[in-house]
1. Please report the projected area of the stretch A:106-210's Cα convex hull averaged over all directions, in nm².
2. Under the rule of -39500 (n - 2.57) per DSSP H run of 4 or more residues, summed and divided by the residues of the protein assembly as shown, what mean residue ellipticity at 222 nm is obtained, to the nearest 500 deg cm²/dmol?
3. Would you work out which of B:THR140, B:VAL19, A:GLY36 lies farthest towards the positive end of the dipole of the protein assembly as shown? Charges go on Cβ: Lys and Arg +1, Asp and Glu -1.
4. Taking only Cα atoms, what is the 0 to 90° angle, nearest 10, from helix A:112-123's long axis to the longest principal axis of chain A?
5. Looking at the stretch A:1-106, I'd like the Rg to Rh ratio, where Rg is from alpha-carbon atoms and Rh is Kirkwood's inverse mean 1/r.
6. Tell me the trypsin sites (Lys or Arg not before Pro) within the stretch B:147-235 that lie in a loop according to DSSP and have at most 13 other beta-carbon atoms within 10 Å.
7. Starting from the Cα of B:LYS220, draw a straight line to each of the lysines and keep only those under 21 Å, dropping any in the same chain fewer than 8 residues away.
8. For the stretch A:24-181, report the % of Cα-Cα distances exceeding 19 Å.
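The values are calculated or read from the model by the stated rules, or taken from the named source; none is laboratory data. Keep in mind that what you see is a predicted model, and the values were worked out from it rather than measured. Please note: Cβ atoms are built from the backbone with ideal geometry, for glycine as well, and neighbour counts cover all protein chains shown. Keep in mind that these areas ignore ligands, DNA and RNA; they rest on the heavy atoms of the full protein, side chains included. Shrake-Rupley method; radii C 1.70, N 1.55, O 1.52, S 1.80 Å.
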Amino acid sequence: MTMENVLTVNNLKTYYFSKNNVTPAVDGVSFRLLRGEVLGIVGESGCGKSTVARSILDLLDRSYAKIQGGEILFHEHDLLKLKKKDLNRIRGKKISMIFQNPQSSLNPVFTVGNQIAEILNIHERMTKQETKARVIELLRLVGIPAPETRLTSYPHQLSGGMQQRIMIAIALACNPEVVIADEPTTALDVTIQSQILALMNQIKTKLRMGMLLITHNMGVVAEMCDRVMVMYGGVVVEQGETASIFASPSHPYTKGLLASIPSIKEDKEELYSIPGAVPKLTVPVNHCRFADRCPHAFGKCHESEPPFFEVENGHQAKCWLLEDTAGRTHNG
Amino acid sequence: MSAFIVKRLAKALFTIWFVLTLVFLLTRLTGDPTTWLLPDDASATVRAELRVSLGLDRPIVEQYTDYVSALFTGDMGKSYHYLRPVGELFAERAGPTLTLAAISFALAILFGVPIGIIAAVNRNSLLDRFTMGISIAGYTIPSFVFGILMIFLFSLQLRLLPSGGMSTPLHYIMPLLTLTVDSVANIARLTRSSMLDVLRQEYLDSARAKGAGERVVIYKHALRNALIPVVTVIGLHLGTMIGGTVVVETVFAFPGIGSLLVTAAQYRDFPVIQYGVMIVATTVILVNLLVDLSYGLLDPRIRDNF
């Protein structure tokens, strides 16, 4: 695998503004996505993972969300400094997105063939026949049976799983370098979920694109991701290779997430859940964001925010408990 | 689809028949036409003779069957008041009214829809507040009040526009404004709220994520969805507009179908009322039929249920 960065996010800050306060939805998130790798962002609802995704393609609701700082580099171009017109050349063509809810992400009044063809018409110079042939090829790639007849179907005539396959076909249409998948299986039935994950797995090895996979499901992470970032309260609290994180979770929040996965082996009456709820934060934050729910919190946790501590090679966590045992890193 | 059209057509024909019958009965309830057709001091025998010559002495069922069968032959009868064939009277006056209604209808759509879109896209801006403020005024002021105020201002004070008649294009300006203002306001407000609803939809974000420009997002992806409820209201407006011509033609002494109907009602001119109401009802029903059919073109989800 080449170690080429396709997407680099540096210290991204996206804040939500309301009448009375400012919420740091994303508060200084940094990561790199390499060509051909799947990077997972995992966390509870409200941790800021979707906001990261939407910030990248400038899909935030401007009426309350603003990017306050940082860089989003696609190769060497900072997407935040691009003109709208230039950003539109990257959206869909170089970086595409799969949304959580296929039913509401497809326009109900256009045929699916039309909606796939649209992205080709925007970015590629193709004749009508070439476009149609490519659309059929894409439908076949994502496993839609009888693609020639499906072209003229409307979204409501397809099942949720089929709709998500259409969304994936749209995302793959222009052979992008990065695909952002924002909870691509959450809205689907469990059996369909595994089919869609299998499809995405198969496609990522075939097309060698970088994928940013946003999910709250540790099972999905285990199955799909090379590396994973755990987000909590707008910051990354732990990151590293998936295997390393699953083998030795180091942040109490990650441990809690992993403990919440139900297991058939253990005969427990109740599912584990992390007590409390995601805190409502206002800037500036000067304590560990997880401190209020953390069973191990001590004085320091409430006084200052921890930096990243290195657990093992490339595996880092933001927790004061690691201060004595692990090496402090520079990007904390 | 074709079964749907046949069903709707049958329903439309039934509605037209129902309206015809209702109007036939209602006109008979208004009283004796000879009261207005003859001088006050006319003798009872003269009145009776006139009733016989108008056929009003015969049993009502007979009058009704005659009336309906005459419709099929195209014979609409003669006006009691004008003493001319009804068809001829309407042919003379249909032009001005249709011109008025058609231009007004076109203006309502041409201004109402874009104003609504612009207001929605620039929600809460000064422009939005301004246009929506005016449109509230537009549809709360009754059209006859608006017409009379305009006559006062433009005809009496400024002496810019003629207050009645229809001999020049200038004569059309105030009737058109009066007829249109309420519809523009209503269509603009509805387009705005429908658009605001659609602007929140996720499929607009997926269009943006494809790299579509904002113009395509608004005018292709959003508008097509937002228009579905707007089209219904536009259809209903054609109906109210035809009714509105009655008021406007009266205020501006505009010699169209509307003022003909008002006069006919005053004189108990049964054939004219019956024919006029039939024309208006048929137009409104046909427009509603077209509206129903156009849903299918706009929204494939409805097409499947046809």
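1. Working: hull surface 25.9 nm².
One quarter of the hull surface, i.e. the mean projection, equals 6.5 nm².
2. My calculation for the protein assembly as shown gives -16500 deg cm²/dmol from helical runs alone.
3. A:GLY36
4. 80 degrees
5. Numbers: Rg = 14.2 Å, Rh = 14.8 Å.
That ratio equals 0.96.
6. Details: sites: B:ARG159, B:ARG189, B:ARG192, B:ARG200, B:ARG208, B:LYS210, B:ARG215, B:LYS220, B:ARG224; in loops: B:ARG159, B:ARG200, B:LYS210.
Of the trypsin sites (Lys or Arg not before Pro), the ones in loops of the stretch B:147-235 whose Cβ has at most 13 other Cβ atoms within 10 Å are B:ARG159, B:ARG200.
7. Straight-distance partners of B:LYS220: A:LYS84, A:LYS85, A:LYS93, A:LYS128, A:LYS132, B:LYS210.
8. Numbers: 7267 of 12403 pairs.
Tail of the P(r) past 19 Å holds 59 percent of the pairs.
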